[in-house]
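The values are calculated or read from the model by the stated rules, or taken from the named source; none is laboratory data. Note that the coordinates shown come from a computational prediction; the quantities given were computed from them, not determined experimentally. Every residue, glycine as well, gets a Cβ built from its backbone with ideal geometry; the counts of neighbours run over all protein chains shown. SASA here: full protein model, heavy atoms, side chains in, ligands and nucleic acids out. Shrake-Rupley method; radii C 1.70, N 1.55, O 1.52, S 1.80 Å.
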Amino acid sequence: MSTPLRVEDVDPADPSFWRLPRARRLEAFALLRTLDAPARFGPGPGFHALVRHADVQRASREPRHFASAPGVTVPAPAAWAKAVFGDSMVNMDGAEHTALRGIVQRAFTPRLLAAAEDNVREVARRIVAELVRDRPGEFVASVASRMPFEIICDLMGIPRRYRDDIARSVDEASENVGVRRSRLRVPGRGVRALARLHLVMAKLARERRRRPADDLISALVRADIDGRALSARQLGSFFSLLLVAGVETTRNAIAHGLALLTAHPDQQALLAADFERYADGAVDEIVRHSTPIIQFRRTVVTECELGGRLFRPGEKVVLFYASANRDEAVFENPDLFDITRDPNPHLGYGGGGPHYCLGAHLARQEMKALFRELLTGPHPVRAVGAADLVDSSFDNRVRALPFAFEGAGG
């Protein structure tokens with residue numbers, strides 16, 4: 001039996017905390033949720049940990065107090081990186097963020113979205129048909145990564161000849177980057193991979209300006225802000241965000257989903273028996289339970305009170321979605337995986353406000369389409385071993401997951 005944790009033993013600013021078993025980290029967050037006010041961690045000014053559902057949600061919805069600039073990740077993007085690659089929309093506030101987000105929302109026309117939903121179902125059927133034919137044994141590379149990557153590339157209109165290079169760049173940009181002098185992953189490095197992504201996106205943007213198509217790249221290269229066309233850096237930054245964030249988060253949710261359903265055969269049987277009834281709840285419970293993005297940071301810009309503590313301009317807070325999604329004040333039996341959980345106000349796509357995930361609807365559609373094919377067809381699948389997880393303070397990444405078809409050996 002493990003030794004009970006004490007508050008003084010918990011330090012999410014210490015890289016060693018993120019090498020603890022996941023259950024131990026969740027135990028630590030549960031302990032932090034019992035405190036009267038958000039605790040401060042780290043050397044120097046450090047940061048305050050927002051671990052309760054209400055605090056994370058409020059900070060997400062009050063950008064006038066809690067700003068995304070200069071960056072939502074740790075460490076914040078370097079000034080030279082912003083100058084070279086442009087700033088990501090997730091690091092913006094106010095009018096600049098509103099203008100860019102509005103452009104993206106307008107680019108997602110009803111016709112484009114309808115075509116994307118049809119394509120989601122087609123891609124899911126094709127991936128599972130190829131699984132049945134080829135019988136691979138590893139789920140992440142053959143299924144979980146492929147599904148969101150193909151959907152995003154199809155939506156953007158990326159030709160097949162570019163996709164292998166882009167897939168490698170996306171993986172390099174997001175794999176094994178971390179806090180200096182540690183092996184923990186946070187975004188910010190993988191500069192060469194990011195540069196390759198920007199070069200490909202710039203080339204595609206030039207092609208679409210000459211020969212527009214009915215895709216997202218064409219819609220965005222025709223867009224402008226106050227009469228000014230989007231710059232190459234703005235386009236490159238958005239495309240990189242869409243590729244890395246859109247692929248990574250959904251890939252991890254899909255992989256965790258198969259592992260969770262296999263570990264809870266009663267829940268898998270319930271879902272398979274009446275998929276249309278339980279699919280939406282299953283997707284939300286998978287996202288809540290696994291929480292693909294563990295944390296984002298905010299910077300205090302005006303004095304305010306939150307969670308029993310007074311915050312002053314310049315202070316940093318970290319929004320721990322992984323803790324908020326296990327808050328006992330909101331979720332009954334929060335450690336239980338229950339696809340019938342209702343309501344399920346999880347913060348797996350953010351806590352609301354201007355930075356709520358633009359791709360949440362598409363991600364849900366991808367997961368539903370894929371699990372429909374994986375679980376209700378003539379060849380259902382299951383995990384046959386533990387997920388190989390990557391130690392990370394940023395995302396709940398699955399490196400690999402062995403799987404097999406029901407009735408097969410393993």
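Remarks
- Segment 109-149 - Kirkwood radius from inverse mean 1/r over Cα pairs (Å): 11.1 Å
- Cα centroid of segment 263-311 to Cα centroid of segment 333-407, whole Å: 10 Å
- Here the accessible area of the chain is 54 percent carbon and sulfur, with a 1.4 angstrom probe and all protein chains present.
- A simple count of charges around residue 165, restricted to other residues whose Cβ falls under 12 Å of its Cβ and scoring Lys, Arg +1 and Asp, Glu -1, yields +3.
- Averaged over its residues, the chain has an accessible area of 45 Å² per residue, based on protein heavy atoms and a 1.4 Å probe.
- For the chain, modelled as a GNM whose springs connect Cα atoms under 10 angstrom apart, the maximal fluctuation among 101, 146, 211 occurs at 211.
- Relative contact order (%) - criterion: Cα under 8 Å, at least six apart; region: the chain: 25 percent
- According to the Cα-based calculation, Rg over Rh for segment 265-410 is 1.04, with Rh computed by the Kirkwood formula.
- Among 72, 104, 120, residue whose mean-square fluctuation peaks in a GNM of the chain (springs only between Cα atoms under 10 Å): 104
- For the chain, the membrane-span-like helix rule (DSSP H, alpha carbon extent of at least 18 Å along the helix axis, mean Kyte-Doolittle at least -1.0) picks out 94-107, 110-134, 191-210, 232-263, 275-290, 360-376; this says nothing about an actual membrane.
- For segment 200-353: rounded, prolate or oblate by the Cα gyration tensor [a/c cutoff 1.5]: oblate
- Beta bridges per DSSP with both ends in the chain, % antiparallel, nearest 5: 80 percent
- Selected from 243, 336, 32 as most flexible by GNM, with the chain as the system and alpha-carbon contacts under 10 Å: 336
- Computed across segment 1-135, the Kirkwood hydrodynamic radius from all distinct Cα-Cα pairs reaches 19.5 Å.
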